[in-house]
Amino acid sequence: MTHDHDLVLRPTEAQKAAALAPPPGRTGGDLVVETLRGLGATTVFGLPGQHALALFDAVGRSDLRLVGLRTENNAGFAADAYGRITGEAVPLLLSTGPGALMALPALAEAAAASAPVLAISSQVPVAGLGGGRRGHLHELRDQSASFRDVVKSVHTVRTPSQIPSVIAEAWESALTAPHGPVFVEIPEDVLRAETIVPQVTGVDAAPHELAPRPELTALAAHWLENATRPVIIAGGGVVRSDAAGKLKQLAERLNAPVVTTFGGKGAFPWTHPLSLQSWLEDRHMTDFLEDADVLLVVGSGLGELSSNYHTFFPTGRVVQIDADLGKLESNHAGLGIHADARLALQALLETVAEREDAGAPERVRAVLADIAARLATQDLALEQELLGSIRTALPARSPSFWDMTILSYWAWSAFDPKHPNTMHSAQGAGGLGYAFPAALGACVAEPDTPVLAVSGDGGAMYSVADLATAKQHDLDVTWLIVDDGGYGILREYGCEAGTQLAGPDFVALALSFGVPAATTTPESLKDDLKKSLGTPGPSVLLLSAKLKMFAPTHL
């Protein structure tokens with residue numbers, strides 16, 4: 001007979017020795033660092049602040065790599081990208097009040113994109129918690145309340161002994177599907193205080209697996225294998241769960257065409273005979289999807305952009321797989337399966353029978369030809385040429401990061417990412433300034449791979465300070481800035497007020513940071529970009545061009 005007490009893990013002799021003789025002078029900050037190291041963290045992002053100095057001092061005494069960006073928002077974007085690229089939870093260290101609040105836009109993007117960011121912020125001393133107005137520097141009435149509606153979960157530490165458990169709980173939350181950012185706040189005096197808590201030598205925060213219910217996948221498999229015109233919509237959940245291989249297997253078994261959402265770019269091979277690519281903002285595609293008798297939606301909530309601005313109304317059966325319970329049937333009624341995309345696709349592969357459909361590739365070619373014909377009437381050769389030049393110059397395995405700018409809006413629909421998890425943008429929350437700091441985070445995650453960032457001149461102004469970061473850490477990033485003298489995408493929407501901007505000489509500005517920079521043209525972009533990407537270290541290319549969008553079909 002096995003009793004519960006038989007399952008208790010016994011400390012090793014080394015752990016006993018460490019507990020009896022911990023190093024002197026350790027603080028709550030050291031407990032944070034020891035816990036992070038025990039969980040597997042190797043890199044942290046962030047900015048020091050007065051209340052968080054004990055935490056940063058502890059980082060300085062450790063072997064953690066600290067990458068400090070010049071604003072908290074940019075540090076959050078860098079952490080977001082590191083999490084997307086590696087799939088690991090990544091610590092973002094913040095100070096109280098203004099410092100923490102500065103990271104909110106980045107955490108909102110991480111939440112929308114399911115990036116596992118572990119934001120750890122200092123807080124006013126314990127006596128100031130709970131709404132007491134003691135007049136501390138950086139004091140907020142309720143700091144955690146500012147984050148509660150943005151992040152996946154909020155955690156507050158009140159004593160040193162709580163630190164390991166709270167951080168482990170937050171870590172587990174960040175990595176349990178759906179991945180997402182979490183927020184931990186630790187009072188300044190808890191971080192500073194010396195502690196008798198032994199060194200953290202054993203900590204576990206394994207994420208929970210979210211498996212589908214078998215009766216749901218059995219019904220979905222039955223519908224799919226007996227469908228006449230099945231179609232698959234693959235969203236960001238497929239990429240986040242590393243399920244692209246399983247998606248391809250299922251599509252080929254069913255002979256089902258696949259379209260990827262903008263967040264799901266790369267989830268399905270772009271040139272595959274069953275690939276509808278990513279042309280969701282086109283009425284031809286909307287009509288094709290509406291005609292499906294069974295529509296399998298994997299890892300997408302079919303929100304505004306994925307539904308051609310809510311003009312998509314499916315006429316057949318809908319099967320929706322999503323790890324975010326709130327997204328199930330939020331826009332369209334159907335069979336909702338609450339599960340991680342990888343586990344649900346595996347369950348379908350174990351159940352569904354092969355389906356013959358020799359005509360599926362031809363239907364795919366027809367709808368893509370209709371889209372190409374529509375674009376051909378709109379004088380859009382320049383925009384398509386620029387995307388082609390970037391695709392040719394960018395190594396197939398290199399990550400690219402795209403800001404909220406006209407060329408990025410084009411890329412969402414028309415850019416071939418070549419591989420899963422290589423194309424990223426801020427289209428989840430839609431904030432400006434994402435591309436360059438996110439690219440820096442990717443450079444840290446994959447130090448031997450050149451990374452591309454694409455921004456407009458308006459978005460670039462959010463990020464110019466981190467040219468210093470790129471130079472300081474010698475990060476292998478090429479930043480392409482498309483300068484059209486303002487917020488060009490807003491002008492495309494018909495707005496003139498506040499969209500014309502006076503900007504700096506971006507080349508001279510980059511050179512002042514010691515970062516190589518040059519101008520380029522549409523004709524020379526391919527060669528200039530290839531040269532920049534092939535040269536180690538940071539660089540900037542400036543392209544002056546006024547681009548336009550393809551005509552919308554949802555109005």
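Every residue, every condition in (1) within 27 Å of F45 (Cβ to Cβ); (2) assigned to a helix (DSSP H, G or I); (3) touching a residue at least 60 places away in the same chain (Cβ under 8 Å), yes or no:
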{"position": "V454", "(1), (2), (3)": "yes, no, yes"}
{"position": "G458", "(1), (2), (3)": "yes, yes, no"}
{"position": "L467", "(1), (2), (3)": "yes, yes, yes"}
{"position": "K471", "(1), (2), (3)": "yes, yes, yes"}
{"position": "I481", "(1), (2), (3)": "yes, no, yes"}
{"position": "L490", "(1), (2), (3)": "no, yes, no"}
{"position": "G498", "(1), (2), (3)": "no, no, no"}
{"position": "G503", "(1), (2), (3)": "no, no, no"}
Among the residues of segment 183-191, are any more than 15 Å from A100 (Cβ to Cβ) and touching a residue at least 12 places away in the same chain (Cβ under 8 Å)? yes
Restricting segment 337-346 to residues that are open to solvent by 20 Å² or more (accessible area, probe 1.4 Å) and either touching a strand residue (DSSP E or B) at 6+ places or on another chain (Cβ under 6 Å) or assigned to a helix (DSSP H, G or I) (or both), the residue that is nearest to N308 (Cα to Cα): R342
Selection from segment 347-361 of residues open to solvent by 60 Å² or more (accessible area, probe 1.4 Å) and either in contact with a helix residue (DSSP H, G or I) (Cβ under 8 Å, 6 or more places away or on another chain) or acidic (D, E) (or both) yields E350, T351, E354, E356
I'm told G326 meets every condition in (1) open to solvent by 30 Å² or more (accessible area, probe 1.4 Å); (2) part of a loop (DSSP other than H, G, I, E, B); (3) more than 20 Å from T217 (Cβ to Cβ) except one. Can you identify the failing condition by its number? (2)
Look through A220, A256 and report the one residue that is within 28 Å of T286 (Cα to Cα) and either assigned to a loop (DSSP other than H, G, I, E, B) or without any contact (Cβ under 8 Å) to a residue 12 or more places away in the chain (or both). A256
Report yes if A438 is hydrophobic (A, V, I, L, M, F, W, C), open to solvent by 10 Å² or more (accessible area, probe 1.4 Å), part of a helix (DSSP H, G or I) and at pLDDT 95 or above, otherwise no. no
Restricting attention to segment 297-323, report how many residues are closer than 22 Å to G428 by Cβ and either small (G, A, S) or surrounded by 17 or more Cβ atoms within 10 Å (Cβ to Cβ) (or both). 16
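Look at E215 and say whether it is in contact with a His (Cβ under 8 Å, 6 or more places away or on another chain) and open to solvent by 50 Å² or more (accessible area, probe 1.4 Å).
Judged against the criteria, E215 is not a match.
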Give just the number: which of (1) at pLDDT below 95; (2) crowded, with 22+ Cβ neighbours inside 10 Å; (3) of a type outside the set (F, W, Y); (4) over 29 Å from N74 (Cβ atoms) does N331 not satisfy? (2)
Answer from T392, T315 - the residue that is outside any helix (DSSP H, G or I), among the β-branched types (V, I, T) and over 30 Å from A211 (Cβ atoms): T315
Determine the pairs where a residue that is on the phi > 0 side of the Ramachandran plot, located within segment 419-446, has a partner that is assigned to a helix (DSSP H, G or I) and β-branched (V, I, T) with Cβ atoms under 8 Å apart, the partner being 6 or more residues away or on another chain. N421/I85; N421/V239
Residue check, G83 against (1) at pLDDT 95 or above; (2) assigned to a strand (DSSP E or B), all met but one. Which one? (2)
Of (1) hydrophobic (A, V, I, L, M, F, W, C); (2) open to solvent by less than 10 Å² (accessible area, probe 1.4 Å); (3) within 19 Å of G428 (Cα to Cα), L94 satisfies all except one. Which? (3)
Out of L511, L533, L525, L529, sole residue that is crowded, with 17+ Cβ neighbours inside 10 Å, more than 16 Å from G459 (Cβ to Cβ) and over 27 Å from the mean Cα position of the chain (by Cα): L525
Test result for T377, free of Cβ contacts under 8 Å to residues at least 24 places away in the same chain, open to solvent by 10 Å² or more (accessible area, probe 1.4 Å), of a type in the set (S, T, N, Q) and farther than 29 Å from V90 by Cβ: yes
Of the residues F288, F262, which single one is touching a residue at least 40 places away in the same chain (Cβ under 8 Å), touching a Phe, Trp or Tyr at 6+ places or on another chain (Cβ under 7 Å) and either open to solvent by 10 Å² or more (accessible area, probe 1.4 Å) or assigned to a loop (DSSP other than H, G, I, E, B) (or both)? F262
Pull out all pairs, ordered by first then second residue, where Cβ-Cβ is under 6 Å, the residues are six or more apart or on different chains, the first lies in segment 198-209 and is touching a residue at least 24 places away in the same chain (Cβ under 8 Å), and the second is surrounded by 11 or more Cβ atoms within 10 Å (Cβ to Cβ) and among the acidic types (D, E). Q199/E34; V200/E34; A205/E172; P207/E172
Over 22 Å from R65 (Cα atoms), touching a residue at least 60 places away in the same chain (Cβ under 8 Å) and either touching a helix residue (DSSP H, G or I) at 6+ places or on another chain (Cβ under 6 Å) or open to solvent by 20 Å² or more (accessible area, probe 1.4 Å) (or both): is that true of P116 in this structure? no
Members of segment 129-178 found to be assigned to a loop (DSSP other than H, G, I, E, B), closer than 16 Å to T96 by Cα and in contact (Cβ under 8 Å) with a residue 12 or more places away in the chain, listed by number: H136, L137, H138, E139, L140, V157, R158
Taking segment 267-285 and keeping only residues that are open to solvent by 10 Å² or more (accessible area, probe 1.4 Å) and touching a Pro at 6+ places or on another chain (Cβ under 8 Å), one is left with W270, P273, E281
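The values are calculated or read from the model by the stated rules, or taken from the named source; none is laboratory data. Worth saying up front: this structure is predicted, and the values here are computed from it rather than measured. Positions of Cβ are generated from backbone atoms using ideal geometry, with glycine treated the same way; all protein chains shown enter the neighbour counts. The protein model used for the area step is the full one, side chains on, heavy atoms only, and it has no ligands, DNA or RNA in it. Shrake-Rupley method; radii C 1.70, N 1.55, O 1.52, S 1.80 Å.
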